[in-house]
């Protein structure tokens, strides 16, 4: 903290003016956090031990006067619902979920009405009158039931307020506004009980009507003093929002007609270095904040960072900031709560709600779970290492379980852990049972985590934050048992979790201070770094969470967005007031979730620049390398060469060769390292799965004809077998996957149609006189390729879909599910055949011809493709030069040229000196 800070001055006043009555002095501050800093400031000004004055926040002070306990917003909502049910006709009553949507806003209005000591009946009747005026133009006979209900709602508002106020008073609890109103009513009797006490109010800016009345009363009876931190630059400027409230108090309070306004300082106009830095995105701001801290430490390694504060305009900057700080930052104090929304434990509970509520909505009796919901739970980092479910995950993926019953899940995991049983315990016994299960689950997760690991200690803090929320909900639900729908519980949970925060431990007086905007109140720092200086972030955007219109608020003296902006403005300028070095970071991106234009505060500083302010503006962009990505290069080691020899002996498939042409690194991963794709549930049938089903169906239908010529009757008989066989193959290939609805039903029909159309073409050709003899179906062939250019013989091996003898020629057929045109199997020149992946189908069909050549018994060979999406073109044979159909026959010249190309490709693959080099598109 800087010397002669505001709190140092307050400490000096306490020592100088209140030394005799220090134990009877009560210091009231805007927040609790400033207490520690004030005690430290007092310690610096005394040489002997003294008894500290009592130091409390304004809210604790008001609560002392009213003697009413505050309740959290969710408990308030439950209590309000009880009152709502008691005074609303049963026919008009809404569910808790519907009620909560408007009740939260209404409670905010009740709160404002009470804090500003307005007549609730007048304000709420005013709203009803406004709604009546809006409906003046509607004739009585045209008023619908819905409209009548709407008008009745506004009529009931005063009744809701009175009943709710009385209900809370009876219980001795209340929301902030009620506590403030009661404090004002209790002020005179309270004053009599504290006649020997002295109050010192310090560091305030905006006060509501209740606070004003209480403080002015205590000043009038000479039991209190108030010290402001008003800079003359803002106070004397009638238009500057940073002085809006202080100017009002200075001119309106009776006390200041005859007493000085303390304190007016001249700090903001002093010498300051202000750097405005724009950079893309949140992560960029975090990185720059880390660089600024590193620069401070580099310039003075012995520098104390306790005079440095990073103020976060948005809490989501916190985590990237922590990763961006230099390792030399020792002590660190985070004086802000971190939302539980992105907490790993909360994410798990959210997924749990999703899985179980989806299961209940589908069919509560059979309790059917969706595979994605199940896998999201099983692969969560708080579950996967401890639930021992890797086998279950593998089974679900391999068997394509899209929807899986709860019973089946339990059967597939016969030895479940306690954690697994809690995750998959059915949510059938009501809300309290669900909450108790979640509470037990969180305890189990906590016990799985270690205290030795720093990351797991942080995770434990997150788990504990959610655990507290769940136990609060158990307490609420035990008192309000009639609110018992799981959907309602889910809605309430989502609202509650927004209020749950994880608090960080730290030494508040040492090291770098990281805080939110409100936590910076009353404190002063030498160096201030402010992030998220964008409109809508700092200051926050306008929000209309009120039923009371703007003009009504203006008339009644309630705060509008103008006053809320002024509060933010004061906080911002107070941060700068005594700072010597200020860094303001903002996002330069104009689109995206964390974007927005530069804050008006930056523009205001530029327009109203002070003479002693050195203000600079910079844009930081990430340094991009000359090449955004460097292709991967893998040298061929001895182990790689041994693996290549092994593949050469076992067999290079045509697909392996085309894989190398497509991308050598892909070949390296698949064939050398043998990395396979992970099994995943195929929710919608993929093209390759559909292709497998069609292939296998045709194989089964044609198997009886292998070794003989096909007749018309054979094909006609096959038509009758299509439906049953396609269904059989679907079940064999797609296993437990859903095929009776959605896209999969369409895919099922497509498979049947493709097989049907294929048989139809086949029948037409037989009728036209083709003599077709089936030689082999889905059979593997191989042939050794030897050549002086190769370091060792290479086996070429592959699976051929169909080989037939048609009208005396051998025809080798490869089925393709996708669309293939004639151009894909037409070759214009041999040069560069193996360099272009567009030739992959040619390389493939010629490889089949090469493998079968010695078995053809000198019969002419054709090799080509049948495309199921281009059946009208029939068989598409390999063709050398598009205009010479006679060359559809694969003769010795074609085969020799093909071998030359394949040998060239294999030489490259097997050359130790040529690395595997990634192809980047």
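Within the range 315-343, the set of residues being crowded, with 16+ Cβ neighbours inside 10 Å and in a helix (DSSP H, G or I) comprises 315, 316, 317, 318, 320, 321, 324.
Only a single criterion out of (1) closer than 18 Å to residue 359 by Cβ; (2) under 29 Å from the mean Cα position of the chain (by Cα) is not satisfied by residue 382, namely (1). Restricting attention to the range 401-421 and to residues that are under 20 Å from residue 450 (Cβ atoms) and either part of a helix (DSSP H, G or I) or touching a residue at least 40 places away in the same chain (Cβ under 8 Å) (or both), the residue that is farthest from the chain's Cα centre (by Cα) turns out to be 418.
Flag set for residue 690, criterion: more than 32 Å from the chain's Cα centre (by Cα), crowded, with 18+ Cβ neighbours inside 10 Å, at pLDDT below 85 and assigned to a helix (DSSP H, G or I). In the range 257-270, the condition of being part of a strand (DSSP E or B) and within 28 Å of residue 621 (Cβ to Cβ) is met by no residue. So is residue 728 assigned to a helix (DSSP H, G or I), modelled with pLDDT under 90, surrounded by fewer than 20 Cβ atoms within 10 Å (Cβ to Cβ) and touching a helix residue (DSSP H, G or I) at 6+ places or on another chain (Cβ under 6 Å) or not? When the stated conditions are applied, residue 728 does not pass them. Selection of the range 357-384 for residues being in a helix (DSSP H, G or I), in contact with a helix residue (DSSP H, G or I) (Cβ under 8 Å, 6 or more places away or on another chain) and farther than 19 Å from residue 411 by Cβ yields 357, 358, 360, 376, 384.
Applying the criterion of being part of a helix (DSSP H, G or I) and either in the same structural domain as residue 522 (by TED's automatic domain parsing) or in contact with a strand residue (DSSP E or B) (Cβ under 8 Å, 6 or more places away or on another chain) (or both) to the residues of the range 223-249, the residue that is nearest to residue 205 (Cα to Cα) is 246. In the set 388, 398, only one residue is surrounded by 13 or more Cβ atoms within 10 Å (Cβ to Cβ), farther than 29 Å from residue 503 by Cα and without any contact (Cβ under 8 Å) to a residue 60 or more places away in the chain; that residue is 388.
Within the range 111-124, if we keep just the residues that are in a helix (DSSP H, G or I) and in contact with a helix residue (DSSP H, G or I) (Cβ under 6 Å, 6 or more places away or on another chain), the residue that is surrounded by the fewest Cβ atoms within 10 Å (Cβ to Cβ) turns out to be 121. Taking the conditions (1) in contact with a helix residue (DSSP H, G or I) (Cβ under 9 Å, 6 or more places away or on another chain); (2) part of a helix (DSSP H, G or I); (3) closer than 21 Å to residue 58 by Cβ in turn, residue 189 satisfies each one other than (1). Considering (1) outside the structural domain of residue 550 (by TED's automatic domain parsing); (2) part of a helix (DSSP H, G or I), the lone condition that residue 631 does not fulfil carries the number (2). Can we say residue 779 is at pLDDT 90 or above and surrounded by fewer than 14 Cβ atoms within 10 Å (Cβ to Cβ)? Considered against the rule, which asks whether it is at pLDDT 90 or above and surrounded by fewer than 14 Cβ atoms within 10 Å (Cβ to Cβ), residue 779 comes out as no. For the structure I just gave you, tell me whether residue 872 is loosely packed, with under 13 Cβ neighbours inside 10 Å, more than 29 Å from residue 638 (Cα to Cα) and either under 48 Å from the mean Cα position of the chain (by Cα) or touching a residue at least 12 places away in the same chain (Cβ under 8 Å) (or both). No, not satisfied. Please find, within the range 818-846, the residue that is nearest to residue 757 (Cα to Cα) out of those that are crowded, with 19+ Cβ neighbours inside 10 Å and out of contact with any strand residue (DSSP E or B) (no Cβ under 8 Å at 6 or more places or on another chain). Filtering first and then ranking leaves 843. Answer yes or no: is there a residue in the range 31-53 that is in a strand (DSSP E or B), in contact with a helix residue (DSSP H, G or I) (Cβ under 9 Å, 6 or more places away or on another chain) and either within 25 Å of residue 185 (Cβ to Cβ) or at pLDDT 90 or above (or both). No, the range 31-53 has no match at all.
Within the span defined as the range 631-639, every residue fails to be in contact (Cβ under 8 Å) with a residue 24 or more places away in the chain, closer than 30 Å to residue 288 by Cβ, surrounded by 12 or more Cβ atoms within 10 Å (Cβ to Cβ) and touching a strand residue (DSSP E or B) at 6+ places or on another chain (Cβ under 9 Å).
Taken over the range 297-314, the criterion of being surrounded by 11 or more Cβ atoms within 10 Å (Cβ to Cβ) and either in a loop (DSSP other than H, G, I, E, B) or not assigned by TED's automatic domain parsing to the domain that holds residue 328 (or both) is satisfied by 303, 304, 313, 314.
The values are calculated or read from the model by the stated rules, or taken from the named source; none is laboratory data. Every value quoted in this text rests on a predicted model; they were computed, and no experiment measured them. We place every Cβ from the backbone using ideal geometry, glycine too, and count neighbours over all the protein chains shown.
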